[in-house]
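Take a look at the structure below.
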Number of protein chains: 2
Amino acid sequence: MTLAPARLAPMANAIRALSMDAVQAANSGHPGMPMGMADVATVLYAKHLKFDPKNPQWADRDRFVLSAGHGSMLMYSLLYLTGYESPTIEDIRNFRQMGSPCAGHPENFLLEGVECTTGPLGQGLAMAVGMAMAERQLNATFGDDLVDHNTWVIAGDGCLMEGINHEAIGLAGTLGLGKLKVLWDDNDITIDGKTGLSTSEDIPARYRASGWDVFSCDGHDFADIERALAEAAASDKPSLVACKTVIGKGAPNKQGGSGVHGSPLGADEIAAAREVLGWSAEPFVIPEDILADWRSLGAKGAEAREAWEARKVANPEAAEFSRRMAGELPDTEDVARTFAGWLEGDANVATRKASENCLNVLAPALPEMIGGSADLTGSNNTKAKCQEPFTAENYAGRYVYYGIREFGMAAAMNGMALHGGVIPYGGTFLIFSDYCRNAIRLSALQQVRAIYVLTHDSIGLGEDGPTHQPVEQVMSLRLIPNLNVFRPADVIETAECWNIALQTQETPSVLALTRQNLPQLRKSGEMLSARGAYTLRAAEGDRKVILIASGSEVELACTVRDELQAQGIGADVVSMPCMELFDAQEEAYKHEVLPHDPSILKVSIEAGTTMGWERYTATSRNGGLNIGLDRFGASAPAKDLFARFGFSAASIVPKVLEKLSV
Amino acid sequence: MTLAPARLAPMANAIRALSMDAVQAANSGHPGMPMGMADVATVLYAKHLKFDPKNPQWADRDRFVLSAGHGSMLMYSLLYLTGYESPTIEDIRNFRQMGSPCAGHPENFLLEGVECTTGPLGQGLAMAVGMAMAERQLNATFGDDLVDHNTWVIAGDGCLMEGINHEAIGLAGTLGLGKLKVLWDDNDITIDGKTGLSTSEDIPARYRASGWDVFSCDGHDFADIERALAEAAASDKPSLVACKTVIGKGAPNKQGGSGVHGSPLGADEIAAAREVLGWSAEPFVIPEDILADWRSLGAKGAEAREAWEARKVANPEAAEFSRRMAGELPDTEDVARTFAGWLEGDANVATRKASENCLNVLAPALPEMIGGSADLTGSNNTKAKCQEPFTAENYAGRYVYYGIREFGMAAAMNGMALHGGVIPYGGTFLIFSDYCRNAIRLSALQQVRAIYVLTHDSIGLGEDGPTHQPVEQVMSLRLIPNLNVFRPADVIETAECWNIALQTQETPSVLALTRQNLPQLRKSGEMLSARGAYTLRAAEGDRKVILIASGSEVELACTVRDELQAQGIGADVVSMPCMELFDAQEEAYKHEVLPHDPSILKVSIEAGTTMGWERYTATSRNGGLNIGLDRFGASAPAKDLFARFGFSAASIVPKVLEKLSV
């Protein structure tokens, strides 16, 4: 079935009507973008997008990303109009109200059909790059029969101005992601006014410089939109379509200005718009013929999906494909056995190296693992021996050279995880989590299994100095909800933490790893890290002190303990590789490890900011003791830095004794 | 005096020798970049850079930024060779050792002549944009006689690949910063290998698309370098010079590969390099004739500076110029008086609006204040009425439309503050501090007075939902050393916090401000915020409870207190607008406000993560009580969200009573 332009115009106006009415009802929201891009979105859905509203999780659907997430009413309108089960028209009436899945910005965890959470500008497009990468990787693995779909994006000037845009399009261009198509809402308006206030860039030239094809159209001329989208679809390069639009198109007195971006139109202007658009239906009512046209698109998608299901049945790889798409791990008994072997050893290795050892076991066993690094492969130890580079020439590769693009990498990892079928992990220095922090946050918010391998996790990195030494990063990542921050103490904990990270489907993980060598502290493999913290060394005699430490400071805590014990002072060492998991344990376990008893002095030792550790120590008499680093580091060899900043038994033991004597 | 190419080559080799020897001595560092860019840097210093080593703080010097900070030995070599007092050759011998100002990466607070701290890639160039902005603003204000200098940058592939590069060059292009010149170390190598592994971008085309001029040269042909730098210097656009270089040039067996980037060459290769370079001097010894050539450059700079001093003496604006460059505030009595007037009122305004009110008093009184916003002017309330836009047509303007470039903005603010003569402040939503977090960190590390106006500071922003609602941001910013994070509770505290921020020369400030209205809680103006926290409401009768709150939750704490008092339970309310300042108070004051007495229940109330508040509450019997939000927010009107997440007296009072009853 082909819908003629005369049929498309009222379909687009249905988006405009829903958008302006919902924003008005909420007295909050962004009508300008949905109204401006209604025509383009209608052509996209009518002529190109492969989707089946009754099977929103169909693996081979096209991915559609509304990178300009503030235009969420465009998304909700499209989902409702094409016949997704959710949102209902009632949900749209309750746009931006408590409990409605039609949130201020689209949230992947509230609605199927919303492929990713958007709103933080630029990241939608950057996640789409990751989706397109996952698509090519799976296509290379499973063939056209099972995997062959496009990733379409609508992005605004904001998305294109953000720095992450440069990283994302550079990566896409280098990887030759020809199935990625970006529709740019080229409306010359940002919140502060005309784009010319802040930018004079030739955007098409920039995209071409990054290896993209660029097309353009009048975003309100259906035939022209169709031509441009067809050209983009036919290109074998990642493509940008500059859609010249009028923001708020249809609102006669306000369109084309920044005022229509983020405020309700008001009753008078809505009445005027209804007039201009020839839209006489009541708010939230879509005339039947128009709705029927929209719903017919869904039927078309169902046919495509059924054909795909038939191909899948005949495909010998179908079961493996389904396993990967479901995010289920293969039987990892081999993996567990291999870990067990390490317990025999006595490894003195950096945890980054321990992590590499894990990867060399895990990556061969889990073909869905796609690694990478933001140009620190040799430092992050992120490449498993079995991994070939993922390149435009070899999409079957499983290792991504992300370049010096931390934010782009993290967002791409989110996109890959959201696409499904792959488990992305990627490395950079822990300090540069600052560069991609909001993408890590979006991993957590979107509940995806992205694994961040963040090495050089303290002043222990030594000579590179304060710009490279994380001080506040570990604790500040712990503040992000739904993120497990692991700081393993040795080779065994590292293996455990990798295992937990892989098994945690809806929570991303950070592995904070050392540059410097650490001794093996345990020879038992009971997955003690899964409880977040545990008693590694028990006091002999009366327990007077509990030393709580993470990562490289656990070894130090053991030394401090031995000196205390030598003076007849009973001291536990608690290793705490993951605060979040410990906090989630039942009270009885928590009290066993860290009793509330204020007569026991609790001491935290971590080479980072102390704030936050009071949760575990301040219940002690005199408030406990926090050994940490509440200032920037310095440039010197690691051993000198640890000594200078008091990370030595010689410095800590007297402090403990003093506290005990008060 | 003109140095012929024949004289330049040994000068450049002096850089190479110092760099490879220092890295070797430290057994750590990056020889590749200094050796690769030695020839270009030599031409820059010999032919273009305006500097006087004996007066490194000369206001009208050219600014030189080594954006590729890992090449720090290039910087240290240049400073030593041209005759700066520091570093000494002994400092260079101690490269990367404890106490040497020759740190792993260049630190502005360790060496004069290091204009900014670099190492986090991309930010040096982005700070240089800010320096060039400050230069133009001061030039427009004080004229060519006092201010007319270039900003030169050396940047590597990493700096150009980072997202912030896009933001920085877009801003520079739009603002037409013709006195900004970037020398790109175009060596085709990144840490992971050939640049082609991760990028295929046409960099000159991208720069041209952003309004830059692009030139190129053979980075090892002195005549060609001279030509290209002269062309760039003559251009009235911001200019990129692509310097085709060989990384590690001079190390015969290792040059041109990624192995030479970040590892010592080794004794054998250094011997081979000495051979190739014809360099027979001992390590850390520079032959006299070569050193004399280098030192002659400093003498040339001294002449230029003396001429400038003479012009300054004759300039009627000299005193005002000197005041601004010294960073001293003008007499602010007028400002203080105006604040006093507000105490009479009874304002019920959002703190973002209170901040705007402050700006409308401060900006006219402090002409050095340069405001701006990352495309949220109307939401951040950052523009004072007196401020004209700062544009290519009007550099006298004092308000920057930064565009949707949070990271670029923050880095530019750092550059402006480092240049001196201006006090930059800039706004975005608090959540997007995530996008510029490492630049905020560099404000703190570099000890500059940059003021971040971060509005929409909690779920109180309402409908935009979890992507826009800060939960962990306030606490995570508090973790950054040397950063004052202010979260004022009303119009009075907002005025106090602005005052403190302006008066704090070596510590940057964050102002976390509300979208929603807040009642005025105080009618006294004793600058109580300067102590970080203070007793806003004192208990009547026995003090059983202390409620500690910040920002919008102080009002709530007052309501909770009144209900407790009504039940006969004495309760203080402590307003804590700035934890950092409170922690810096003498013990006696801290104990007065928050006594250690465990029988007093301490309760924190803040609409963000609770972790960290235990510092103040966990000393209570039963560990205290923390009211906060340890999950992501949701999309709904603010009042519904506060109710839903327990920020109401109805929810909090029973929890307090329960704790008291245990």
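The values are calculated or read from the model by the stated rules, or taken from the named source; none is laboratory data. Just so you know, these numbers come straight off a predicted model, no measurement behind them. A quick note on method: Cβ atoms are made from the backbone with ideal geometry, for glycine too, and the neighbour counts reach across all protein chains shown. Heads up: the accessible areas ignore ligands, DNA and RNA and are worked out on the full protein's heavy atoms, side chains in. Shrake-Rupley method; radii C 1.70, N 1.55, O 1.52, S 1.80 Å.
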statement: Among strands (runs of 3 or more DSSP E) entirely inside segment B:554-662, those with 1 or more residues being within 14 Å of chain A (Cβ to nearest Cβ) and surrounded by fewer than 19 Cβ atoms within 10 Å (Cβ to Cβ) are none
Residue among A:Glu135, A:Glu167, A:Glu107 that alone is of a type in the set (D, E, K, R) and more than 11 Å from chain B (Cβ to nearest Cβ): A:Glu135
query: On the given criteria, is A:Ala205 over 19 Å from A:Ile154 (Cβ atoms), out of contact with any Cys (no Cβ under 6 Å at 6 or more places or on another chain) and modelled with pLDDT of 95 or more?
result: yes
message: On the basis of being at the interface with another protein chain (Cβ under 8 Å from one of its Cβ atoms) and part of a loop (DSSP other than H, G, I, E, B), does A:Ile431 make the cut?
response: no
task: May I ask you to verify whether A:Gly99 is within 13 Å of chain B (Cβ to nearest Cβ) and under 17 Å from B:Phe432 (Cβ atoms)?
output: no
query: What pairs come up if the first residue lies in segment B:48-67 and is without any contact (Cβ under 8 Å) to a residue 60 or more places away in the chain, the second is among the charged types (D, E, K, R), and their beta carbons are under 9 Å apart, counting only those six or more places apart or on different chains?
result: B:Pro56/B:Glu85; B:Pro56/B:Glu112; B:Gln57/B:Glu112
message: Against the conditions (1) farther than 16 Å from B:Ala17 by Cα; (2) among the polar types (S, T, N, Q); (3) open to solvent by 20 Å² or more (accessible area, probe 1.4 Å), where does B:Thr245 fall short? Just the number, please.
response: (3)
message: It is to be established whether one or more residues within segment A:488-504 are within 14 Å of another protein chain (Cβ to nearest Cβ), of a type in the set (S, T, N, Q), closer than 27 Å to A:Thr117 by Cβ and surrounded by fewer than 24 Cβ atoms within 10 Å (Cβ to Cβ).
response: no
task: Answer yes or no as to whether B:Arg7 is open to solvent by 10 Å² or more (accessible area, probe 1.4 Å) and closer than 28 Å to B:Ala234 by Cβ.
output: yes
task: Can you tell me which residue within segment A:361-396, out of those that are part of a loop (DSSP other than H, G, I, E, B) and free of Cβ contacts under 8 Å to residues at least 40 places away in the same chain, is farthest from A:Gly462 (Cα to Cα)?
output: A:Glu393
- request: Could you list, in sequence order, all residues of segment B:386-426 that are within 11 Å of chain A (Cβ to nearest Cβ) and surrounded by 24 or more Cβ atoms within 10 Å (Cβ to Cβ)?
  value: B:Val400, B:Tyr401, B:Tyr402, B:Gly403, B:Ile404, B:Arg405, B:Glu406, B:Phe407, B:Gly408, B:Met409, B:Ala411
- prompt: Which of the residues belonging to segment A:265-277 are in a loop (DSSP other than H, G, I, E, B) and either open to solvent by 60 Å² or more (accessible area, probe 1.4 Å) or touching a Pro at 6+ places or on another chain (Cβ under 8 Å) (or both)?
  reply: A:Leu265
query: Does any residue of segment A:123-141 turn out to be among the basic types (Lys, Arg), open to solvent by less than 10 Å² (accessible area, probe 1.4 Å) and under 23 Å from A:Val241 (Cβ atoms)?
result: no
query: For segment A:434-473, how many residues meet the condition of being facing chain B (nearest Cβ under 9 Å), acidic (Asp, Glu), open to solvent by less than 10 Å² (accessible area, probe 1.4 Å) and in contact (Cβ under 8 Å) with a residue 60 or more places away in the chain?
result: 1
task: Would you mind finding the one in A:Leu454, A:Leu418 that is farther than 19 Å from A:Cys578 by Cα and either among the hydrophobic types (A, V, I, L, M, F, W, C) or in a strand (DSSP E or B) (or both)?
output: A:Leu418
- prompt: What do you reckon, is B:Ser198 in contact with a Lys or Arg (Cβ under 9 Å, 6 or more places away or on another chain), crowded, with 24+ Cβ neighbours inside 10 Å and within 14 Å of chain A (Cβ to nearest Cβ)?
  reply: yes
task: Quickly run through segment A:234-264 and pick out the residues that are assigned to a strand (DSSP E or B) and not basic (Lys, Arg).
output: A:Ser239, A:Leu240, A:Val241, A:Ala242, A:Cys243
- line: Pairing a residue in segment A:301-319 that is open to solvent by 70 Å² or more (accessible area, probe 1.4 Å) with any residue that is part of a loop (DSSP other than H, G, I, E, B), where Cβ atoms lie under 6 Å and the two sit 6 or more apart in sequence or on different chains, gives A:Arg311/A:Asp145
- prompt: Would you say A:Ser524 is outside any loop (DSSP other than H, G, I, E, B), farther than 23 Å from A:Asn622 by Cα and open to solvent by less than 40 Å² (accessible area, probe 1.4 Å)?
  reply: no
field: Residue list for segment A:205-230, filter: part of a helix (DSSP H, G or I) and more than 8 Å from chain B (Cβ to nearest Cβ)
entry: A:Tyr207, A:Phe222, A:Ala223, A:Asp224, A:Ile225, A:Glu226, A:Arg227, A:Ala228, A:Leu229, A:Ala230
- line: Listed by first then second residue, the pairs whose first member lies in segment A:501-525 and is within 18 Å of A:Asp346 (Cα to Cα), whose partner is among the charged types (D, E, K, R) and in a loop (DSSP other than H, G, I, E, B), with beta carbons under 6 Å and at least 6 positions apart or on separate chains, are A:Thr514/A:Asp457; A:Leu518/A:Asp490; A:Gln520/A:Asp346; A:Gln520/A:Asp490; A:Leu521/A:Asp490
- prompt: For segment B:103-114, which residues satisfy the criterion of being buried (at least 19 other Cβ atoms within 10 Å of the Cβ) and more than 19 Å from B:Asn482 (Cβ to Cβ)?
  reply: B:Gly104, B:Gly113
task: Please determine, by comparing only the residues of segment A:34-86 that are touching a His at 6+ places or on another chain (Cβ under 8 Å) and within 14 Å of chain B (Cβ to nearest Cβ), which one is surrounded by the fewest Cβ atoms within 10 Å (Cβ to Cβ).
output: A:His70
message: Given the criteria closer than 30 Å to B:Ser28 by Cβ and part of a strand (DSSP E or B), does A:Gly465 qualify?
response: no
statement: Scanning segment B:178-191 for residues that are within 12 Å of another protein chain (Cβ to nearest Cβ) and buried (at least 24 other Cβ atoms within 10 Å of the Cβ), the one farthest from B:His70 (Cα to Cα) turns out to be B:Ile189
query: When you go through (1) touching a Gly at 6+ places or on another chain (Cβ under 9 Å); (2) in a loop (DSSP other than H, G, I, E, B) one by one for B:Asn482, which number turns out not to apply?
result: (1)
field: Evaluation of B:Asp213 against (1) of a type in the set (D, E, K, R); (2) surrounded by fewer than 24 Cβ atoms within 10 Å (Cβ to Cβ); (3) touching a His at 6+ places or on another chain (Cβ under 8 Å) (one fails), failing number
entry: (3)
query: Only one of (1) open to solvent by less than 10 Å² (accessible area, probe 1.4 Å); (2) hydroxyl-bearing (Ser, Thr, Tyr); (3) free of Cβ contacts under 8 Å to residues at least 40 places away in the same chain fails for B:Ser100. Which number is that?
result: (1)
